[in-house]
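Below: one structure, written as structure tokens.
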Amino acid sequence: QVRLVESGGGLVQPGGSLRLSCAASDIIFTIFEMGWYRQAPGKEREWVARITSTATTNYADSVKGRFSIARNNAKNTVVLQMNSLKPDDTAVYYCYYSSGDVWSWGQGTQVTVSS
């Protein structure tokens with residue numbers, strides 16, 4: 001099973017930036033995607049962004065133009081750069097790995113946007 005370790009997150013003021021990282025180990029499939037979901041208090045988990053093994057990226061409409069996802073193949077790391085953060089971006093962010101029916105999740109990291 002792929003293991004995912006997240007880092008980053010924290011408290012930031014509205015309009016600020018944060019960078020989340022997700023390091024993956026034991027990747028054995030050549031076709032996969034990695035990305036991020038988030039879950040705010042009292043809300044369902046929401047997909048945020050993804051990057052595929054062919055470097056295709058996709059974003060939720062709510063973050064398009066503000067968030068950017070990238071992958072470092074040599075380090076098996078995915079980075080989510082979050083700019084122009086809003087209070088509505090406050091949530092626990094979860095990194096994920098998916099290949100067919102195989103899914104793995106990170107432990108989650110808190111992002112709080114507040115003045």
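The values are calculated or read from the model by the stated rules, or taken from the named source; none is laboratory data. All values reported here derive from a predicted model rather than from experimental measurement. As a convention, Cβ positions derive from the backbone with ideal geometry for all residues, glycine included, and neighbour counts pool all protein chains shown. Note: accessible area is taken over every heavy atom of the protein model, side chains too, but ligands, DNA and RNA are not part of it. Shrake-Rupley method; radii C 1.70, N 1.55, O 1.52, S 1.80 Å.
Things to note:
- Filtered by the rule that a residue be part of a strand (DSSP E or B) and either more than 20 Å from residue 7 (Cα to Cα) or open to solvent by less than 40 Å² (accessible area, probe 1.4 Å) (or both), the range 34-63 gives 34, 35, 36, 38, 48, 49, 51, 52, 57, 58, 59.
- Among residues of the range 80-98 that are in a strand (DSSP E or B), those with a beta-carbon under 8 Å from a residue that is among the acidic types (Asp, Glu) at least six positions away or on a different chain give the pairs 82/89; 91/46; 93/6; 94/6; 95/6; 97/33; 98/33.
- Among (1) open to solvent by less than 60 Å² (accessible area, probe 1.4 Å); (2) within 19 Å of residue 45 (Cα to Cα); (3) under 16 Å from the mean Cα position of the chain (by Cα); (4) in contact (Cβ under 8 Å) with a residue 60 or more places away in the chain - the single one residue 105 does not satisfy: (1)
- For the range 64-77, taking the residues that are at pLDDT below 95 and within 15 Å of the chain's Cα centre (by Cα), the one that is surrounded by the fewest Cβ atoms within 10 Å (Cβ to Cβ) is identified as 72.
- Subset of the range 22-70 [touching a residue at least 40 places away in the same chain (Cβ under 8 Å) and hydroxyl-bearing (Ser, Thr, Tyr)]: 25, 37
- Residue, nearest to the chain's Cα centre (by Cα), within the range 80-94, restricted to residues that are buried (at least 20 other Cβ atoms within 10 Å of the Cβ) and among the hydrophobic types (A, V, I, L, M, F, W, C): 80
- Of everything in the range 2-33 that is among the charged types (D, E, K, R) and within 11 Å of the chain's Cα centre (by Cα), the residue that is least open to solvent (accessible area, probe 1.4 Å) is 6.
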